[in-house]
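Encoded as structure tokens, the structure appears first; notes follow it.
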Amino acid sequence: VLNKIDLPGADPDRISKEIEEVGALTTNEKNKMVVGLDCSNAILCSAKEGIGIIEILNSIVQRIPSPRDTAEEPLRALIFDSYYDSYRGVIVYFRVVDGSIKKGDRIYFMASEKDYFADEIGVLSPNQLQVDELYSGEVGYLSASIRSVGDARVGDTITHYSRRAENSLPGYDEATPMVFCGLFPVDADQYPELRDALEKLQLNDAALKFEPETSSAMGFGFRCGFLGLLHMEIVQERLEREYNLSLITTAPTVVYRVNCVNGDTVECSNPSLLPEPGMRRSIEEPVVKIEMLTPKDYIGSLMELAQDRRGEFKEMKFITENRASIIYELPLAEMVGDFFDQLKSRSKGYASMEYSFLGYKESELIKLDIQISGDRVEPLATIVHKDKAYAVGRALTQKLKELIPRQMFKVPIQACIGSKVIASESLSAIRKDVLAKCYGGDISRKKKLLKKQAEGKKRMKAIGKVDVPQEAFMAVLKLEKEVL
């Protein structure tokens, strides 16, 4: 189906030709058709104008095969969506693939290994309409007083408790999060609401993972795992809009794999969890294959962008006369910042991209710590590549110097790799003019007052603590997103 043909810039003939040409290109090179489709029977439609709607509905009936008759086989039904109802618990949407399900049946969820009684089953027409039985090929909903949101996950298989299916339906795998960030409520009292909201969101988003996290800067929150940056933005937006939460989001990070000296392998999504340098043999970072589709005018600037982000060039091919595909291998950590924004701005919005996870690759990564007045501030620690450490450290220390209020004593702000300081700034002390009352007299009187002030400053520095304001953490997190 070619949609939105009512738009002024729509050119269905050119797009059809382009889709077929991409297909021919990928078929020849990889022996499988990735994008290309036969567009000879494509339906042109516009929902806004009502064009092609009847044709699409008729084609669904004619072209899509009807379900097999498997009423005698053990029940297997696939959960494709679910939501939480305050009165009835988790409501599950499912499709019966094999067998049949009746109201009152004792059912079993194969992935979560939980069993319930089906109190109510029905279909959507379009509102919920109760029925007594659903057969293979039918789609419906199920209410079974499921209180725990983790018991009925999207992708799970429903079967009968007494007559279980041998195998669950294919395609259900635990989603592996690739991007992590911290979510903290602006108001600490909203922590329980944030936990409930994440649990309810997790119902129809099996890829969302979260665990409690405590930060000395931002209090109680959650470390959340996402499939990618877009997934992260959607979840954050839904939490704020649907559950009326005000959230602080830390800079996104990825999962690093640390090979220790004793032979253990530790997965680390948070810089504070990184083992000490003496215990680490090497650090591996996730690498993705990224394909950028762009008009030929912007090839140079996009290749420059990928090179700057430690990208390794793989191939470039022209899909059509004016459109090219550039393929790079790129560390995921370099892409989770503003890579997509840069891609769009450099190509004036015409380029697009897609990426796939390749695996882990050893790299020269280090932990960059921030010390304020000699104390390490864990929430500001980051894992960076050795070549970028100085630039990131310099940017962070300069920003903190602007944001931390001056004290009565000098405050050094340092970016460190282990015990080595690579960038440093200092806040000068607020000085009281103790010589103001000495309008004359001997110089020894002035020296005595200055010596007394210096001793007080020394004592104050020994017991003084610097409070880093919340705004400083927020600004630095925003800066991290830009710099990293």
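The values are calculated or read from the model by the stated rules, or taken from the named source; none is laboratory data. Keep in mind the model is a prediction, meaning the values are calculated, not measured. FYI the Cβ positions are ideal-geometry reconstructions off the backbone, even for glycines, and counts take in every protein chain you see. Accessible surface areas use protein heavy atoms only, side chains included; no ligands, DNA or RNA. Shrake-Rupley method; radii C 1.70, N 1.55, O 1.52, S 1.80 Å.
Side notes on the structure shown:
- Tally, over the stretch 134-149, of residues that are of a type in the set (Gly, Ala, Ser) and over 18 Å from Leu203 (Cβ atoms): 2
- Filtered by the rule that a residue be open to solvent by 60 Å² or more (accessible area, probe 1.4 Å) and at pLDDT 85 or above, the stretch 328-349 gives Lys344, Ser345, Arg346, Lys348.
- Any hit, the stretch 168-185, residues being surrounded by 14 or more Cβ atoms within 10 Å (Cβ to Cβ), within 15 Å of Ala77 (Cα to Cα), more than 28 Å from the chain's Cα centre (by Cα) and not hydrophobic (A, V, I, L, M, F, W, C): yes
- When Phe226, Phe222 are screened for being modelled with pLDDT of 85 or more and among the aromatic types (Phe, Trp, Tyr), only Phe222 passes.
- In summary, strands (runs of 3 or more DSSP E) completely within the stretch 338-439 and bearing 3 or more residues that are over 30 Å from the mean Cα position of the chain (by Cα) occur at 411-417, 420-427.
- Tabulated pairs, the stretch 387-413, first at positive phi and open to solvent by 10 Å² or more (accessible area, probe 1.4 Å), second in a loop (DSSP other than H, G, I, E, B) and charged (D, E, K, R), C-beta under 9 angstrom, 6+ apart or interchain: none
- Qualifying strands (runs of 3 or more DSSP E) (wholly inside the stretch 229-275; at least 3 residues being open to solvent by 50 Å² or more (accessible area, probe 1.4 Å), without any contact (Cβ under 8 Å) to a residue 60 or more places away in the chain and hydrophobic (A, V, I, L, M, F, W, C)): none
- Single unsatisfied condition, Ile383 versus (1) surrounded by fewer than 19 Cβ atoms within 10 Å (Cβ to Cβ); (2) touching a Pro at 6+ places or on another chain (Cβ under 6 Å): (1)
- Just one of (1) surrounded by 14 or more Cβ atoms within 10 Å (Cβ to Cβ); (2) more than 21 Å from Leu75 (Cα to Cα); (3) of a type outside the set (A, V, I, L, M) fails for Pro126. It is (1).
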